[in-house]
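Student: Just passing along the structure, written as structure tokens.
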């Protein structure tokens, strides 16, 4: 009984039994890209060739407890990557770099003991939660060390509720639904619902500055954390459990976003809310992305934002409706809208309100006034409910696209409102251009979400035929073009996916020379031997 | 024309012409404490004996420009302390430790040049804004260096507005009203109104994590800052101008609260708001502090907080009404309230709403429902308007109290709701106990402000007869007792006054051993020679 999890697809996303078959209209649309000609299903686990494993020093095994050190192929494979498109390509390729062992830590004492032994023996440590990183955040990189372990935090499952302060201690190993299940009997919710919700963990949310789909209402995860505990090789950091302090630079905001490179976040005390009595999700349609952005800006700046706000550009609107199939509620409402307005295109907006019935009704009225004033047309609640129902399904769909020989990847950035439209165009153009350069023109779509008074996040999805045999090279070319465009625009390289391995080369542009130096300095202070998650966050 | 300011009382607070004479009822109340028997006015500036000044190395003078190096008595005195009670005692004592020189920096290039020269010559640098620190944040401590300068940032006055993103670049040297004056023509406000508003600067707000009286509505200053520029001896840190990023630990939240110990914050890009079309300030009265705290908690957790919320305990209510005099609107309303309820005591609540007329009216209705539900009685708008009118006058009143031979000091902390009542009692008891131990029992009062979903700040004021000749010893005994009680309760040592010199010894309790080590590490990275504001923030 080590508590390690083996309940997901090793080669793809989530529940091994769940599929998200493509609709007829989706197949037709993707056929135009050249999909479906070569089905490329994943190999069997037994067929995967793993990197040779180095045996761990006895002191590390002893520190962990022998029963907590797993070296079997399945466990090593399950801890070999996160869940990005290149990760899936690597998993499907039949050859995989894996950690030398998976070490499961039962409690903070065990974490401390393992970090101590690994520091002494110079073994690299990759803290591992849900394995849902899409930026190479859990890649088993040894760095200059003799071996690398994945430190699985699944057994860290503390839950303790302070009802009157609306705070809950939550262990790093709890998955999203497990945290919600623990809070539900208290009538509480965390309100943190990123697309990875079903499998990602509290520790991962904290270490990566995750933002959920309802962040406009409940706050991003870095807002939700009142305090955190982090065990580093150099000692423990426990920030004070208080609503606010002015006692110097925020070490809480240093622990948040530390991505396992400083230490292991073992638990947080999170701000929770009464579970919503009512929910209202609905859809609106705007004519074009630019004017719809202005509409969302006005809502944000008037304090009238819904808890969930998500504005798709025309391309994403077209594609999501095609993916939903001709029978979908969104499709029907959209067709009616287009016919009524004699238009052929539009931009779908999803708006969601949660809370007491009275607050939902009051806030929805305020929001609806803003949507109408901004020129959007109401499409009703069905497309909103449909979106909410399918809100975690994107990654399942991606597995189908990969099976069909397609590249499907996402990336996100953010910028201030005055620069947003230029940023939107520049990053989209860069992705489109790079796909064309690869000889694989594809679909590039975007939505605005996580709106603030001063700006918003832009989330891009792109789908294109794979360059079979050169998938990683193709991916890297497109990713690099997007990152370079983002950096050139002075937007952020990541709004909520974190840095990991993929974005580390851009940290110099993001935080400047002194910024990188301060990150290195922090790492040296917390992790003098440099064993914590090598190759992530801090550029080499 | 160096741009240095000489427009305030050198021995006390603010406008040299403005006094805040004590009302008759205040004099009567204070007479009971033993005030007024020995008037102790400040000496003349010429009478003050200054510490001997060390001449600055020529390279430092050259880097600053000779005209920007001030060594006259008045300038040295004006930059000798902040504005805490012990600072005023030192100023009035007739003997003063001052910086060896005041260096005025005209722009970022000058700041860079001066820091470089001071690093080379090992001269300590105290960044200086409004001089309103109440925690010894600008004390001219040389540390291990040969001399110490106050680096006056008054000329850093950049203003640049991004209307559509509701952002404004604001130079570190702008005082609160200057920033507001620059924003007003754009129809904007920063909404940051701490008691020090009239004299404190943007740079100081950022360096100390200041919180204004309307922080529930507009946010604390660390919420208001979208990005910052900090010039450190090791280089420049400029954080990205974006609403949010997940790119690693927040270096913005490291610069905020850095208290001049890492570098010089030269400007911030701040989140601003449309100037309010309407304001409504009003007063409510609750029977006791404990139930009124529950009322505020309910408002905070229901999202129904006013922009300003301030709940005085019975003692503060009694004293503020006495201070206001018998003719005050608050006094009259309070008397009516007590008569109607056949009570002799109550707790005054000030609630303020700002924004569009429609929003003020909507939010006020929501708040009023909460106040009534919580058992508070409405006292009308006059006491609210009176509070707003006098919101910056506290420090003027303190000067009068010092003239009358009284100690008058404030301190603040915060805690989560579940611990707040115990914290309130423990800290109050510690202050009362220490005053009694000093043989100077006094008035100890408190208000709750800056309420959050998970907790709130407690702000204590205490007034007692001075132990003439031993004022600093007396103050230290009471301050130490309060700090030790705060630390024992696991509350924060400061909610918005920062660390400075006075709270530095408690940083180990606040952030733990590794936390202190990380702060040291950050300081070494940004300021390898350790010249920046020695003796503040990081414990020795």
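Student: Evaluate peptide B:296-303: per residue, the Cβ atoms of other protein chains within 10 Å of its Cβ; return the mean as an integer.
Tutor: On the way: counts 0, 3, 0, 0, 2, 5, 5, 6.
That average works out to 3.
Student: Nearest 500 deg cm²/dmol is fine: what mean residue ellipticity at 222 nm does the protein assembly as shown get from its DSSP H runs of n ≥ 4 alone, each adding -39,500 (n - 2.57), divided by its residue count? Let's see the in-between values first.
Tutor: Working: 38 runs with 406 residues, N = 1080.
The helix-only estimate for the protein assembly as shown comes to -11500 deg cm²/dmol at 222 nm.
Student: Using the Kirkwood formula over every pair of different C-alpha atoms, what hydrodynamic radius in Å results for region B:476-537?
Tutor: By the Kirkwood definition, the hydrodynamic radius is 12.6 Å.
Student: Moving to a separate point now. Quick one: grab the alpha carbon gyration tensor of region A:76-170, order the square roots of its eigenvalues as a ≥ b ≥ c, and give me rounded if a/c is under 1.5, else prolate or oblate depending on whether a/b is larger than b/c. Please report the intermediate quantities before stating the final value.
Tutor: Working: a/c = 2.88, a/b = 1.40, b/c = 2.05.
Verdict is oblate for region A:76-170.
Student: If you find the alpha carbon centre of region B:451-506 and of region B:227-267, how far apart are they in angstrom?
Tutor: About 28 Å separates the Cα centre of region B:451-506 from the one of region B:227-267.
Student: Further question: Please report, in whole Å, how far the alpha carbons of region A:421-460 spread along each principal axis, starting with the longest.
Tutor: For region A:421-460, the Cα extents along the three principal axes come out at 40, 15, 9 Å.
Student: Just the C-alpha atoms of region A:278-391: what Rg/Rh do they give, with Rh taken as the Kirkwood radius? Let's see the in-between values first.
Tutor: Numbers: Rg = 13.2 Å, Rh = 13.9 Å.
Ratio of gyration radius to Kirkwood radius: 0.95.
Student: Where does the Debye-calculated log10 I(q)/I(0) of chain A sit at q = 0.13 Å⁻¹, using only Cα point scatterers of equal weight, no solvent?
Tutor: The computed values of log10 I(q)/I(0) come out as -1.40.
Student: On to the next question. Given an 8 Å cut-off on Cα distances and at least 6 residues of separation, report the relative contact order of region A:158-278 as a percent.
Tutor: Numbers: 233 pairs, mean separation 39.8, N = 121.
Relative contact order, region A:158-278: 33 percent.
Student: May I pose another question? Copy-to-copy spacing for residue A:472, label 7 Å out on the Cα-to-C-beta vector, in nm, shortest first?
Tutor: Nearest to farthest, the other copies are at 6.6 nm.
Student: Looking at the calculated P(r) for the protein assembly as shown, what percent of the C-alpha pair distances fall above 41 Å?
Tutor: On the way: 252208 of 582660 pairs.
In whole percent, the long-distance tail amounts to 43.
Student: Here's a follow-up. Roughly how many Å is it from the Cα centre of region A:278-352 to that of region B:1-65, as a whole number?
Tutor: If we compute the Cα centre of each part, the gap is 61 Å.
Student: Could you tell me the convex hull volume per residue, in Å³, taken over the Cα atoms of region B:159-274? Walk me through the numbers before you get to the answer.
Tutor: On the way: hull volume 11.1 nm³, N = 116.
Considering the Cα atoms of region B:159-274, their hull volume per residue is 95 Å³.
Student: Now for a separate question. Placing the label point 7 Å from Cα along the Cα-to-Cβ direction, what are the distances from residue A:335 to the equivalent spots in the other copies, shortest first, in nm to one decimal?
Tutor: Distances to the matching label points in the other copies: 7.7 nm.
Student: Quote the relative contact order of chain B in percent (integer), defining contacts as alpha-carbon pairs under 8 Å separated by 6+ residues.
Tutor: Details: 1163 pairs, mean separation 93.9, N = 540.
Rounded, it is 17 percent for chain B.
Student: Among DSSP bridges having both ends in the protein assembly as shown, what percentage is antiparallel? Round to the nearest 5.
Tutor: Numbers: 124 of 150 bridges.
The antiparallel proportion sits near 85 percent.
Student: Shape verdict for region B:86-239, please, from the Cα gyration tensor: rounded (a/c under 1.5), prolate (a/b greater than b/c) or oblate. Don't jump to the answer; show the numbers that get you there.
Tutor: Working: a/c = 2.29, a/b = 1.43, b/c = 1.60.
Oblate, since a/c reaches 1.5 and b/c is not below a/b.
Student: With a ≥ b ≥ c taken as the square roots of the eigenvalues of the C-alpha gyration tensor of region B:344-393, please select rounded if a/c is under 1.5 and otherwise prolate if a/b is larger than b/c or oblate if it is not? Could you put the intermediate results ahead of the total?
Tutor: Values: a/c = 2.71, a/b = 1.08, b/c = 2.50.
Verdict is oblate for region B:344-393.
Student: Kindly give the distances from residue A:362 to its copy-mates, label point to label point, with each label point 7 Å from Cα along Cα→Cβ, as nm values to one decimal ordered shortest first.
Tutor: 0.9
Student: Where does each of A:470-477, A:154-161, A:51-58 land if you order them by average Cβ count within 10 Å, highest first? Let's see the in-between values first.
Tutor: On the way: A:470-477: 16.8, A:154-161: 19.2, A:51-58: 14.0.
Ranked from most to least packed, the peptides come out as A:154-161, A:470-477, A:51-58.
Student: Could you check what % of the DSSP bridge pairs in region B:24-152 are antiparallel, to the nearest 5?
Tutor: Details: 2 of 14 bridges.
Expressed as a percentage, antiparallel bridges in region B:24-152 total about 15.
Student: In addition: Residues of A:414-421, mean number of Cβ from any other protein chain within 10 Å of their own Cβ, rounded to a whole number? Kindly include the intermediate steps, with their values, before the conclusion.
Tutor: Details: counts 6, 5, 12, 7, 7, 5, 3, 0.
Average neighbour count from other chains, rounded to a whole number: 6.
Student: Moving on. Other chains' Cβ within 10 Å of B:494-506 residues: what's the mean?
Tutor: On the way: counts 5, 6, 3, 2, 4, 5, 0, 0, 0, 3, 2, 0, 1.
Whole-number average of other-chain Cβ neighbours for B:494-506 is 2.
Student: Sorted by packing (mean other beta-carbon atoms within 10 Å per residue), highest first, where do A:439-452, B:445-458 land?
Tutor: On the way: A:439-452: 21.8, B:445-458: 25.5.
Ranked by mean Cβ neighbours within 10 Å, highest first: B:445-458, A:439-452.
Student: Then there is this: Could you grab the relative contact order for region B:278-391? Cα pairs under 8 Å, six or more apart, rounded to a whole percent. Please report the intermediate quantities before stating the final value.
Tutor: Working: 179 pairs, mean separation 56.9, N = 114.
Relative CO of region B:278-391 lands at 50 percent.
Student: Arranged from highest to lowest average of other beta-carbon atoms within 10 Å per residue, in what order do the peptides A:280-289, B:286-295 appear? Each step should come with its number before you reach the end.
Tutor: On the way: A:280-289: 22.5, B:286-295: 19.4.
The peptides rank, most packed first, as A:280-289, B:286-295.
Student: Report, in whole Å, the centroid distance computed from the Cα atoms of region B:194-210 and region B:115-164.
Tutor: Their Cα centres are 14 Å away from one another.
Student: Also: How fast does region A:395-502 diffuse by Stokes-Einstein, in µm²/s, taking the Kirkwood radius from C-alpha pairs at 37 °C and 0.692 mPa s? Mind showing how you got there, number by number?
Tutor: On the way: Rh = 14.1 Å.
Calculated translational D: 232 µm²/s.
Student: Dividing the alpha-carbon radius of gyration of region A:1-126 by 2.2 N^0.38 Å (N being the number of residues), what value is obtained? Present the calculation step by step, with values, prior to reporting the outcome.
Tutor: Details: Rg = 18.7 Å, N = 126, 2.2 N^0.38 = 13.8 Å.
Here the Cα radius of gyration is 1.35 times the empirical estimate.
Student: Could you work out how far helix A:507-526 tilts from the main Cα principal axis of chain A, as a 0 to 90 degree angle to the nearest 10?
Tutor: 30
Student: Select the chain B residue whose beta carbon lies nearest to the rotation axis carrying chain B onto chain A, and write the distance in whole Å.
Tutor: Axis-proximal residue of B, distance in whole Å: B:253, 2.
None of the figures in this text is laboratory data; all of them are computed from the coordinates on show. No experiment lies behind these values; they were computed from the predicted model shown. Reconstructed Cβ throughout: ideal geometry from the backbone, glycine too, with neighbour counts over all protein chains shown.
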